[in-house]
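Below is one structure, written out as C-alpha cells; comments come after it.
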Amino acid sequence: MRKPVIAGNWKMNNTIAAATSLINELKPLVADAEAEVVICVPYTAIQKAAELTRGTNIAVGAENVAWADKGAFTGEISAEMLKEVGAEYVIIGHSERRQMFGETDETVNMRTVQALKYSLKPIVCVGETLEEREGGKTETVVKRQTEGAFKGISAAELDNVIIAYEPVWAIGTGKTATSEQANETIKYIRSVVAGLYGKATADKLRIQYGGSMNPSNAAALMAQPDIDGGLIGGASLKAADFSKVVKY
Ligand code: 13P
C-alpha cells in the first residue's frame, strides 16, 4: 500500500511573517490527517517552517537544490544547506524551472542524484505542455523526462523518491486534467519506472498529480488507483483550502 502524500508548493510566495501565520493556521487543521503532509516553501522560510512544524505531522521541503556540494555556483543553494535548516523534501524539475530557468532532463538528474546523496527526498516533476499533448506526444515526453531524471539512481534509492505528474497546461490555469486523464498518464509513468526498475519497485513508488488541484476536485483525483497524492500550488497558500485537499 502506498501512503498518500499531499504536498504544497508555495512557489515564490510568503515572507517569513506570512509563512508563520499560514503554518500556525494549518497545523491544527491537518493534525489528524491520514495522508502525509509536506509544505515546500521558499528558501528564506525553510528554517522558520521547520521550527514551527517540529513535532507535528507536517514535513518541510525546498523548491530546488544545487547539483554540486559547494563552490562557485552563484545563486544556488546546496543540499547540505537545506538539510541544515530542516528541509526533508525538495522539488526538482518543476515545469516553471524547466520553462523559465533552463532546467533540462540532465540538470534534473544531477539535482536528483545530489538530493539523494544528502538524504533529501526528491519530488521530481514531469509533464507535457499543451502543444505536446495536442500533438499526441504526452507519453514520449513523460517517458523521456522520467528516464532522464533517474539515470544512475538505484532501485533502493527510489524508495525515497516521489514523482509529481504535472501537465503544464493545468498549472495555475484552473484547467485540471480529468481524473481519468491524470490516472492514465500516471499509470503510464509507472510502467516506464517498471521498465527501468521492475514492477515491484514501480508499485511502491508514489506518484502525485499536480495542476489546479483544489478542495473540489481532490477527492475524485485521489479516488483513481494510480494517483497517490497531489502537488498543490495556489490552493496550498490558504490553510483552509490546503487542509481540505489534505483531507480529501
Ligand atoms: P496550481 O495548483 O496553482 O495549478 O500549481 C500546481 C503546481 O505547479 C504545483 O507544483
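What follows draws every value from the coordinates through simple rules; no lab data is involved. Everything numeric in this text was worked out from a predicted model, so none of it was measured. Cβ: placed from backbone, ideal geometry, glycine included. Neighbour counts: every protein chain shown.
Overview of results
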| item | result |
| --- | --- |
| Ala33 paired with Ala200, simple spin-label distance in nm, labels 7 Å along Cα-to-beta-carbon | 3.1 |
| Whichever aspartates and glutamates have a C-alpha closer than 12 Å to that of Lys70, once near sequence neighbours (fewer than 8 apart) are set aside | Glu80 |
| Once the Cα gyration tensor of the chain is diagonalised, semi-axes √(5λ) in Å | 25, 22, 17 |
| Trp67, Trp10 arranged by Cβ crowding within 10 Å, fewest neighbours leading | Trp67, Trp10 |
| Computed [θ] at 222 nm, helices only, for the chain once each DSSP H run of length n ≥ 4 contributes -39500 (n - 2.57) | -12500 deg cm²/dmol |
| Burial ordering of Asp159, Asp32, fewest other beta-carbon atoms within 10 Å first | Asp32, Asp159 |
| Gain on full stretching of the segment that runs from Glu131 to Met100 - 0.36 nm per residue minus C-alpha separation | 9.5 nm |
| Segment 89-211: Cα Rg divided by the 2.2 N^0.38 Å rule of thumb | 0.98 |
| Given Lys48/Lys121; Lys3/Lys199; Lys83/Lys238; Lys11/Lys121; Lys187/Lys238, the pairs whose alpha carbons are separated by over 23 Å | Lys83/Lys238; Lys187/Lys238 |
